[in-house]
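A quick write-up on the structure given underneath.
No value in this document is a laboratory result; all are computed from the given coordinates. Fair warning: this is a prediction, and the values are worked out from it, not measured in the lab. For neighbour counting, all protein chains shown are included, and Cβ atoms are generated from backbone atoms with ideal geometry for every residue, glycine included.
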Amino acid sequence: MGFELHNGDCLDVMATLSDASIDCVLTDPPYGLNFPYLSYTDTRENLKGLIAKFVPECRRIANRVFILCGPTQIALYPEADWVCNVTWNTTGTLGKYGYNQWTPVLCYGKDLKGFGNINGLLKSDTLRISGGGGVGFQRSEEEKKHTCPKPITVMNVTLRRLTNEGDTVLDPFMGSGTTGVACELGNRKFIGIEKDAEYFKIATNRIEGVKKKEPLFAAA
């Protein structure tokens, strides 16, 4: 499917988009945990200010908005219409209060139509993945150049559960491009925005690599 990538501030780019002009936003914003991003100071206060600005814009331009956030960030966001979560059966990630084995997905807007199975998955509010690759092991060298890359397994299953083939998906915090990779693999159109030039280069290489069938990302 096609993709459109922007190296710039997500608020500036989204301001150019019309109301309800894309199918959905699927994104993994900063967490306010003082991660050493190249072009962003990752404090909790900065995250609060970012949320206040980008969430209304996402809801303006998209019919449905899905935001992956950490368990300790849920209360910072506007009340979601519903919440689902991704879980994994490894202990490869250490959270603030011990090993972290899940991530919430805040959902704004209606769920996909249908009941039972959808896109090959049970239509559930819990998405289960397994294996070390699910939470960061076996990441490619290209991915590791980003401060906090989202595992492709997480984005693959989230995309399948919450979007349909052919949908246009926007990620305003593209980072290393994992959402775009998942869209290319899953026959979705993708619009990605990334402020940092170095991260943008990584994302572009990975997404274009999928087009060329080059192994620039960890296998699902």
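Tabulated data
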read-out: Trypsin sites (Lys or Arg not before Pro) lying in DSSP loop within region 155-216, provided at most 15 other Cβ fall within 10 Å; value: K212, K213
read-out: Cut-off 9 Å between beta-carbons: net charge of the residues surrounding Y40, Lys and Arg +1, Asp and Glu -1; value: -1
read-out: Per-residue ³J(HN,Hα) for region 112-127, Karplus 6.51 cos²θ - 1.76 cosθ + 1.60, θ = phi - 60°, Hz, x for Gly and Pro; value: 5, 6, x, 8, x, 9, 9, 6, x, 10, 5, 6, 10, 8, 10, 10
read-out: Prolate/oblate/rounded label for region 1-129 (Cα gyration tensor, a/c 1.5); value: oblate
read-out: Residues whose placed amide H lies under 5 Å from that of N85, excluding near-sequence neighbours; value: V105, T126, L127
read-out: J(HN,Hα) series, region 28-39, from Karplus relation 6.51 cos²θ - 1.76 cosθ + 1.60, nearest Hz, glycine and proline x; value: 10, x, x, 10, x, 10, 6, 5, x, 5, 6, 10
read-out: Sites matching GluC sites (Glu not before Pro) across region 151-197 that sit in DSSP coil, with at most 13 neighbouring C-beta atoms within 10 Å; value: E165
read-out: Contact order relative to length of region 43-132, as percent, for alpha carbon pairs under 8 angstrom and 6 or more apart; value: 32
read-out: Placed amide H near E4: partners under 5 Å, 5+ positions off or other chain; value: F190, I191, G192
read-out: Loop GluC sites (Glu not before Pro), region 1-86 (other Cβ atoms within 10 Å of the site Cβ: 12 or fewer; DSSP); value: E79
